[in-house]
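> Please read through the structure below; I'll follow up with questions.
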Amino acid sequence: MLCDVPGIHLGHVSLGDSGVSVVLAPAGAYAGVDVRGGGPGTRETDLLEPHNSVQQIHAVTLSGGSAYGLAAADGVMQALEERGIGFPVLGPDREGPIVPIVPAAVIFDLLVGDPANRPTRDHGYEAVQNALKGQDRDISGSIGAGSGATAGRLRGGFGQASVEIDGFVVAAAVVANPVGEVVDATTGHLYGAPGSDRVSVDKLVFLPHPAGELNTTIGVIATDAPITKAQAKRLAMTGHDGLARAVRPAHSPMDGDTLFALSTGDGTGVDTVLLASLSAAAADCVQDAIVDAITSASPGLGLTTYRELIP
(Lines give C-alpha, C1' and ligand atoms only; values in the text may rest on other atoms or scores of the structure.)
Protein backbone atom coordinates (compact mmCIF):
# COMPACT_ATOMS: atom_id res chain seq x y z
CA MET A 1 0.00 0.00 0.00
CA LEU A 2 1.13 3.56 -0.66
CA CYS A 3 1.08 4.49 3.02
CA ASP A 4 3.64 1.77 3.74
CA VAL A 5 6.09 4.54 2.82
CA PRO A 6 6.89 6.53 5.99
CA GLY A 7 5.64 10.10 5.84
CA ILE A 8 2.96 9.46 3.20
CA HIS A 9 -0.78 9.92 3.76
CA LEU A 10 -3.64 9.12 1.41
CA GLY A 11 -7.21 10.44 1.37
CA HIS A 12 -10.20 10.24 -0.95
CA VAL A 13 -13.51 11.90 -1.65
CA SER A 14 -15.88 9.83 -3.78
CA LEU A 15 -18.72 11.41 -5.75
CA GLY A 16 -20.19 8.25 -7.23
CA ASP A 17 -19.18 8.88 -10.83
CA SER A 18 -16.08 10.97 -10.11
CA GLY A 19 -13.87 11.91 -7.20
CA VAL A 20 -10.51 13.06 -5.90
CA SER A 21 -7.56 11.33 -4.24
CA VAL A 22 -4.80 13.21 -2.44
CA VAL A 23 -1.33 11.96 -1.57
CA LEU A 24 0.19 14.01 1.25
CA ALA A 25 3.83 14.42 2.26
CA PRO A 26 3.48 17.03 5.03
CA ALA A 27 7.20 17.15 5.78
CA GLY A 28 8.00 17.57 2.08
CA ALA A 29 9.14 15.12 -0.59
CA TYR A 30 11.68 15.28 -3.40
CA ALA A 31 9.66 14.71 -6.55
CA GLY A 32 9.72 14.21 -10.29
CA VAL A 33 7.16 13.55 -13.00
CA ASP A 34 6.98 11.90 -16.39
CA VAL A 35 4.11 12.57 -18.82
CA ARG A 36 3.74 10.05 -21.66
CA GLY A 37 0.15 10.44 -22.83
CA GLY A 38 -0.81 12.68 -25.74
CA GLY A 39 -3.67 14.42 -23.93
CA PRO A 40 -2.56 15.24 -20.37
CA GLY A 41 -4.42 17.37 -17.86
CA THR A 42 -1.85 18.56 -15.32
CA ARG A 43 -0.79 21.35 -12.99
CA GLU A 44 2.61 22.35 -11.55
CA THR A 45 4.54 19.72 -13.53
CA ASP A 46 7.17 22.10 -14.95
CA LEU A 47 8.55 22.90 -11.49
CA LEU A 48 9.30 19.20 -10.98
CA GLU A 49 11.89 19.13 -13.77
CA PRO A 50 15.34 18.51 -12.21
CA HIS A 51 16.79 21.79 -13.51
CA ASN A 52 14.14 23.92 -11.81
CA SER A 53 14.49 25.49 -8.37
CA VAL A 54 11.78 24.06 -6.10
CA GLN A 55 13.09 20.81 -4.63
CA GLN A 56 10.19 19.48 -2.58
CA ILE A 57 6.42 19.15 -2.84
CA HIS A 58 3.80 18.69 -0.13
CA ALA A 59 1.01 16.82 -1.92
CA VAL A 60 -0.16 15.40 -5.23
CA THR A 61 -3.78 15.73 -6.28
CA LEU A 62 -5.29 13.03 -8.50
CA SER A 63 -8.77 13.90 -9.70
CA GLY A 64 -11.61 13.05 -11.99
CA GLY A 65 -13.55 15.71 -13.84
CA SER A 66 -11.10 16.29 -16.69
CA ALA A 67 -9.58 19.80 -16.65
CA TYR A 68 -12.34 20.98 -14.30
CA GLY A 69 -10.99 18.64 -11.65
CA LEU A 70 -7.72 20.56 -11.40
CA ALA A 71 -9.66 22.97 -9.15
CA ALA A 72 -9.47 20.34 -6.38
CA ALA A 73 -5.79 21.23 -5.92
CA ASP A 74 -6.83 24.70 -4.74
CA GLY A 75 -8.61 23.12 -1.79
CA VAL A 76 -5.58 20.95 -1.04
CA MET A 77 -3.42 24.06 -0.94
CA GLN A 78 -5.87 25.81 1.38
CA ALA A 79 -5.98 22.90 3.80
CA LEU A 80 -2.19 22.65 3.91
CA GLU A 81 -1.69 26.40 4.33
CA GLU A 82 -4.07 26.38 7.31
CA ARG A 83 -1.83 23.75 8.89
CA GLY A 84 1.38 25.69 8.23
CA ILE A 85 2.56 23.26 5.56
CA GLY A 86 4.25 24.76 2.52
CA PHE A 87 7.30 26.37 0.97
CA PRO A 88 8.57 29.31 3.11
CA VAL A 89 8.91 32.12 0.61
CA LEU A 90 11.38 34.15 2.70
CA GLY A 91 13.31 31.13 3.95
CA PRO A 92 12.86 28.71 6.83
CA ASP A 93 14.17 31.12 9.46
CA ARG A 94 12.10 34.20 8.56
CA GLU A 95 8.49 35.06 9.17
CA GLY A 96 6.50 35.26 5.95
CA PRO A 97 4.00 33.58 3.65
CA ILE A 98 4.12 29.90 2.78
CA VAL A 99 3.08 28.29 -0.50
CA PRO A 100 2.11 24.61 -0.48
CA ILE A 101 3.50 22.92 -3.60
CA VAL A 102 0.75 20.69 -4.99
CA PRO A 103 1.15 19.22 -8.47
CA ALA A 104 -1.96 17.61 -9.91
CA ALA A 105 -3.23 15.43 -12.72
CA VAL A 106 -6.73 14.52 -13.85
CA ILE A 107 -8.52 11.74 -15.70
CA PHE A 108 -11.28 12.13 -18.25
CA ASP A 109 -14.47 10.62 -16.80
CA LEU A 110 -17.09 13.07 -18.08
CA LEU A 111 -18.85 10.43 -20.21
CA VAL A 112 -19.54 8.25 -17.17
CA GLY A 113 -22.50 9.43 -15.11
CA ASP A 114 -23.24 13.17 -14.86
CA PRO A 115 -20.60 15.33 -16.60
CA ALA A 116 -21.52 18.25 -14.32
CA ASN A 117 -20.65 16.23 -11.20
CA ARG A 118 -16.94 16.86 -10.84
CA PRO A 119 -14.49 17.51 -8.00
CA THR A 120 -14.21 21.04 -6.66
CA ARG A 121 -11.97 23.01 -4.31
CA ASP A 122 -14.09 21.84 -1.37
CA HIS A 123 -13.57 18.19 -2.28
CA GLY A 124 -9.80 18.68 -2.37
CA TYR A 125 -9.96 20.29 1.07
CA GLU A 126 -12.00 17.37 2.40
CA ALA A 127 -9.63 14.80 0.92
CA VAL A 128 -6.75 16.32 2.92
CA GLN A 129 -8.78 15.97 6.11
CA ASN A 130 -9.52 12.33 5.27
CA ALA A 131 -5.85 11.68 4.56
CA LEU A 132 -4.76 13.01 7.92
CA LYS A 133 -7.39 10.86 9.66
CA GLY A 134 -5.89 7.77 8.04
CA GLN A 135 -9.26 6.22 7.25
CA ASP A 136 -8.65 5.65 3.51
CA ARG A 137 -5.09 4.37 3.49
CA ASP A 138 -5.66 0.75 2.46
CA ILE A 139 -8.73 1.03 0.21
CA SER A 140 -8.71 0.14 -3.49
CA GLY A 141 -11.32 -0.06 -6.23
CA SER A 142 -14.15 2.32 -7.08
CA ILE A 143 -13.06 5.13 -4.80
CA GLY A 144 -11.74 8.67 -5.04
CA ALA A 145 -10.36 9.67 -8.41
CA GLY A 146 -11.03 6.12 -9.61
CA SER A 147 -14.79 6.29 -8.98
CA GLY A 148 -15.69 6.99 -12.60
CA ALA A 149 -12.69 5.33 -14.19
CA THR A 150 -12.95 2.94 -17.13
CA ALA A 151 -10.28 0.56 -18.38
CA GLY A 152 -10.87 -0.33 -21.99
CA ARG A 153 -14.22 -2.14 -21.96
CA LEU A 154 -14.25 -2.58 -18.18
CA ARG A 155 -14.68 -0.47 -15.09
CA GLY A 156 -11.36 0.92 -13.87
CA GLY A 157 -10.53 2.22 -10.43
CA PHE A 158 -7.90 3.15 -7.86
CA GLY A 159 -5.23 0.58 -7.02
CA GLN A 160 -2.17 0.25 -4.81
CA ALA A 161 0.92 -1.95 -4.43
CA SER A 162 4.19 -1.90 -2.51
CA VAL A 163 7.43 -3.84 -2.14
CA GLU A 164 10.56 -3.66 0.01
CA ILE A 165 13.93 -3.25 -1.72
CA ASP A 166 17.23 -3.21 0.20
CA GLY A 167 15.52 -1.96 3.34
CA PHE A 168 13.48 0.73 1.58
CA VAL A 169 9.82 0.74 0.58
CA VAL A 170 8.68 1.42 -2.97
CA ALA A 171 4.95 1.83 -3.52
CA ALA A 172 2.51 3.02 -6.15
CA ALA A 173 -1.05 4.28 -6.23
CA VAL A 174 -2.65 4.43 -9.67
CA VAL A 175 -5.95 5.63 -11.10
CA ALA A 176 -6.48 3.12 -13.91
CA ASN A 177 -8.54 4.80 -16.62
CA PRO A 178 -6.86 3.84 -19.92
CA VAL A 179 -8.18 3.90 -23.47
CA GLY A 180 -6.29 0.64 -23.99
CA GLU A 181 -7.43 -2.77 -22.81
CA VAL A 182 -6.32 -4.48 -19.61
CA VAL A 183 -7.52 -7.96 -20.57
CA ASP A 184 -5.96 -10.02 -23.36
CA ALA A 185 -8.94 -10.94 -25.57
CA THR A 186 -7.02 -13.98 -26.82
CA THR A 187 -6.27 -15.59 -23.46
CA GLY A 188 -8.83 -13.93 -21.17
CA HIS A 189 -6.13 -13.06 -18.63
CA LEU A 190 -5.10 -9.63 -17.40
CA TYR A 191 -2.10 -8.28 -19.30
CA GLY A 192 -0.59 -7.21 -15.99
CA ALA A 193 -1.16 -10.60 -14.34
CA PRO A 194 -0.92 -13.48 -16.84
CA GLY A 195 -1.73 -15.94 -14.05
CA SER A 196 -4.94 -14.16 -13.10
CA ASP A 197 -8.42 -15.68 -13.26
CA ARG A 198 -9.55 -16.07 -16.85
CA VAL A 199 -12.57 -14.06 -17.94
CA SER A 200 -15.14 -15.09 -20.52
CA VAL A 201 -13.64 -13.88 -23.79
CA ASP A 202 -16.98 -14.32 -25.57
CA LYS A 203 -18.61 -11.86 -23.18
CA LEU A 204 -15.65 -9.50 -23.22
CA VAL A 205 -15.42 -9.00 -26.98
CA PHE A 206 -19.06 -7.99 -27.24
CA LEU A 207 -18.81 -5.27 -24.61
CA PRO A 208 -18.87 -1.77 -26.13
CA HIS A 209 -16.26 0.73 -25.01
CA PRO A 210 -18.17 2.53 -22.23
CA ALA A 211 -16.66 5.99 -22.46
CA GLY A 212 -15.28 6.53 -25.93
CA GLU A 213 -11.62 7.17 -26.58
CA LEU A 214 -10.69 9.94 -24.16
CA ASN A 215 -9.07 8.53 -21.04
CA THR A 216 -5.92 8.67 -18.88
CA THR A 217 -3.97 6.67 -16.32
CA ILE A 218 -2.36 8.74 -13.58
CA GLY A 219 -0.57 7.85 -10.38
CA VAL A 220 2.09 8.34 -7.74
CA ILE A 221 5.18 6.28 -7.00
CA ALA A 222 6.59 6.83 -3.51
CA THR A 223 9.66 5.66 -1.61
CA ASP A 224 11.59 6.42 1.54
CA ALA A 225 14.91 5.83 -0.23
CA PRO A 226 16.95 9.07 -0.18
CA ILE A 227 16.79 9.74 -3.91
CA THR A 228 17.42 13.17 -5.39
CA LYS A 229 14.94 15.16 -7.43
CA ALA A 230 16.63 13.99 -10.64
CA GLN A 231 16.52 10.38 -9.48
CA ALA A 232 12.80 10.78 -8.72
CA LYS A 233 12.38 11.66 -12.39
CA ARG A 234 14.02 8.34 -13.28
CA LEU A 235 11.57 6.43 -11.06
CA ALA A 236 8.65 8.19 -12.75
CA MET A 237 10.04 7.30 -16.17
CA THR A 238 10.56 3.62 -15.41
CA GLY A 239 7.18 3.44 -13.71
CA HIS A 240 5.64 3.83 -17.14
CA ASP A 241 7.11 0.44 -18.07
CA GLY A 242 4.68 -1.10 -15.61
CA LEU A 243 1.83 0.83 -17.18
CA ALA A 244 2.78 -0.45 -20.62
CA ARG A 245 2.88 -4.04 -19.34
CA ALA A 246 -0.61 -3.78 -17.85
CA VAL A 247 -2.35 -1.74 -20.58
CA ARG A 248 -2.27 -2.23 -24.35
CA PRO A 249 -1.87 0.08 -26.05
CA ALA A 250 -0.53 2.58 -23.52
CA HIS A 251 0.48 6.23 -23.95
CA SER A 252 -1.89 6.81 -26.85
CA PRO A 253 -2.69 10.25 -28.29
CA MET A 254 -6.02 10.09 -26.42
CA ASP A 255 -4.51 9.22 -23.03
CA GLY A 256 -2.89 11.67 -20.65
CA ASP A 257 -0.72 9.13 -18.87
CA THR A 258 1.16 10.88 -16.06
CA LEU A 259 3.20 9.41 -13.21
CA PHE A 260 4.67 11.34 -10.30
CA ALA A 261 7.49 9.93 -8.16
CA LEU A 262 8.38 11.22 -4.74
CA SER A 263 10.70 10.45 -1.85
CA THR A 264 10.36 11.20 1.83
CA GLY A 265 14.09 10.55 2.26
CA ASP A 266 16.72 13.23 2.80
CA GLY A 267 17.54 13.78 -0.88
CA THR A 268 21.23 12.90 -0.61
CA GLY A 269 20.95 10.43 -3.46
CA VAL A 270 21.60 6.72 -4.00
CA ASP A 271 24.15 4.89 -6.13
CA THR A 272 23.37 3.62 -9.61
CA VAL A 273 22.95 0.00 -8.54
CA LEU A 274 20.32 0.85 -5.93
CA LEU A 275 18.62 3.29 -8.29
CA ALA A 276 18.28 0.50 -10.85
CA SER A 277 16.63 -1.74 -8.25
CA LEU A 278 14.28 1.02 -7.14
CA SER A 279 13.38 1.75 -10.75
CA ALA A 280 12.55 -1.88 -11.47
CA ALA A 281 10.44 -1.98 -8.32
CA ALA A 282 8.61 1.18 -9.40
CA ALA A 283 7.60 -0.46 -12.69
CA ASP A 284 6.44 -3.60 -10.89
CA CYS A 285 4.41 -1.61 -8.37
CA VAL A 286 2.68 0.42 -11.08
CA GLN A 287 1.80 -2.79 -12.92
CA ASP A 288 0.49 -4.43 -9.74
CA ALA A 289 -1.44 -1.30 -8.73
CA ILE A 290 -3.27 -1.30 -12.07
CA VAL A 291 -4.16 -4.96 -11.57
CA ASP A 292 -5.36 -4.13 -8.05
CA ALA A 293 -7.55 -1.32 -9.40
CA ILE A 294 -9.19 -3.57 -11.99
CA THR A 295 -9.74 -6.56 -9.73
CA SER A 296 -11.09 -4.38 -6.88
CA ALA A 297 -13.62 -2.41 -8.96
CA SER A 298 -17.25 -2.59 -7.85
CA PRO A 299 -20.31 -3.01 -10.11
CA GLY A 300 -22.13 0.21 -10.94
CA LEU A 301 -22.64 3.09 -13.38
CA GLY A 302 -23.66 0.57 -16.03
CA LEU A 303 -20.05 -0.62 -16.33
CA THR A 304 -18.92 -4.23 -16.35
CA THR A 305 -16.21 -5.28 -13.90
CA TYR A 306 -13.45 -7.83 -14.37
CA ARG A 307 -14.91 -9.99 -11.59
CA GLU A 308 -18.29 -10.15 -13.32
CA LEU A 309 -16.70 -11.76 -16.37
CA ILE A 310 -15.06 -14.63 -14.48
CA PRO A 311 -17.10 -17.80 -15.21
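> Can you tell me which residues in segment 199-231 are in a loop (DSSP other than H, G, I, E, B), farther than 14 Å from ILE294 by Cβ and at pLDDT 95 or above?
ASP224, ALA225, PRO226, ILE227, THR228
> So, of the residues in segment 266-283 that are touching a strand residue (DSSP E or B) at 6+ places or on another chain (Cβ under 7 Å) and buried (at least 22 other Cβ atoms within 10 Å of the Cβ), which turns out to be nearest to ASN215 (Cα to Cα)?
Here the answer is ALA282.
> Those residues that are out of contact with any strand residue (DSSP E or B) (no Cβ under 9 Å at 6 or more places or on another chain) and surrounded by 14 or more Cβ atoms within 10 Å (Cβ to Cβ), I need them from segment 80-119; list them, please.
Passing the criteria: PHE108, LEU110, GLY113, PRO115, ASN117.
> Can I ask one more? From (1) within 20 Å of the chain's Cα centre (by Cα); (2) over 28 Å from GLN287 (Cβ atoms), pick out the condition that doesn't hold for LEU62.
Checking LEU62 against (1) within 20 Å of the chain's Cα centre (by Cα); (2) over 28 Å from GLN287 (Cβ atoms), the one that fails is (2).
> Suppose we filter segment 43-62 for residues that are farther than 15 Å from LEU235 by Cβ, of a type in the set (A, V, I, L, M) and touching a Leu at 6+ places or on another chain (Cβ under 8 Å); how many remain?
2
> I've got another one for you. Looking at the structure I just gave you, is GLY113 touching a Ser or Thr at 6+ places or on another chain (Cβ under 9 Å), in a loop (DSSP other than H, G, I, E, B) and of a type in the set (Gly, Ala, Ser)?
Yes.
> Can you name every residue in segment 129-151 that is out of contact with any Gly (no Cβ under 6 Å at 6 or more places or on another chain) and either of a type outside the set (Val, Ile, Thr) or over 18 Å from THR217 (Cβ atoms) (or both)?
The answer is GLN129, LEU132, LYS133, GLY134, GLN135, ARG137, ASP138, ILE139, ALA151.
> Please work out which one of (1) in a loop (DSSP other than H, G, I, E, B); (2) in contact with a helix residue (DSSP H, G or I) (Cβ under 9 Å, 6 or more places away or on another chain) is the condition THR268 fails and give its number.
Only one criterion in (1) in a loop (DSSP other than H, G, I, E, B); (2) in contact with a helix residue (DSSP H, G or I) (Cβ under 9 Å, 6 or more places away or on another chain) is unmet by THR268, namely (2).
> I want to confirm something. Restricting to segment 82-110 and keeping residues that are part of a strand (DSSP E or B) and in contact (Cβ under 8 Å) with a residue 40 or more places away in the chain, which single residue is nearest to HIS209 (Cα to Cα)?
If we take residues in segment 82-110 being part of a strand (DSSP E or B) and in contact (Cβ under 8 Å) with a residue 40 or more places away in the chain, then VAL106 is nearest to HIS209 (Cα to Cα).
For (1) among the polar types (S, T, N, Q); (2) surrounded by fewer than 24 Cβ atoms within 10 Å (Cβ to Cβ), each residue gets a yes or a no:
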site	(1), (2)
GLY141	no, yes
GLY157	no, no
VAL174	no, no
VAL182	no, no
SER196	yes, yes
PRO226	no, yes
ALA236	no, no
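> Tell me, yes or no, whether segment 68-81 has at least one residue that is among the acidic types (Asp, Glu) and part of a helix (DSSP H, G or I). Steps first, please.
Initial filter on segment 68-81 (among the acidic types (Asp, Glu)): 74, 81.
Filter once more, so that each one left must be part of a helix (DSSP H, G or I): 74, 81.
Yes, segment 68-81 has at least one match.
> Assess whether ASP136 counts as being in contact with a His (Cβ under 7 Å, 6 or more places away or on another chain) and either under 13 Å from VAL291 (Cβ atoms) or modelled with pLDDT under 95 (or both).
Yes; evaluated as a whole, the condition is true for this residue.
> Right, another one. Hey, does segment 51-64 have a residue that's part of a helix (DSSP H, G or I), at pLDDT 95 or above and surrounded by 15 or more Cβ atoms within 10 Å (Cβ to Cβ)?
No, segment 51-64 contains no residue that is part of a helix (DSSP H, G or I), at pLDDT 95 or above and surrounded by 15 or more Cβ atoms within 10 Å (Cβ to Cβ).
> What number of residues in segment 240-259 are touching a helix residue (DSSP H, G or I) at 6+ places or on another chain (Cβ under 6 Å) and either without any contact (Cβ under 8 Å) to a residue 12 or more places away in the chain or closer than 10 Å to VAL33 by Cβ (or both)?
1
> Also, I was wondering about something else. So the check is Cβ under 7 Å with 6+ separation or different chains; which pairs have a first residue in segment 48-75 that's in contact (Cβ under 8 Å) with a residue 12 or more places away in the chain and under 11 Å from PHE108 (Cα atoms) and a second one that's assigned to a loop (DSSP other than H, G, I, E, B) and among the β-branched types (Val, Ile, Thr)?
Within 7 Å, the pairs are GLY64/ILE107.
> Moving on to the next point. Applying the selection to segment 144-189, what residues are in a strand (DSSP E or B), out of contact with any Pro (no Cβ under 7 Å at 6 or more places or on another chain) and within 18 Å of PRO115 (Cα to Cα)? Before you say what the answer is, go through the steps one by one.
Residues of segment 144-189 that are in a strand (DSSP E or B), as a first pass: 150-151, 154-155, 157-165, 168-176, 181, 183.
From what is left, the residues that are out of contact with any Pro (no Cβ under 7 Å at 6 or more places or on another chain) are 154-155, 157-165, 168-176, 181, 183.
Within segment 144-189, ARG155, GLY157 qualify.
The values are calculated or read from the model by the stated rules, or taken from the named source; none is laboratory data. All values reported here derive from a predicted model rather than from experimental measurement. Ideal geometry is used to build each Cβ from the backbone, glycine not excepted, and the neighbour counts take in all protein chains shown.
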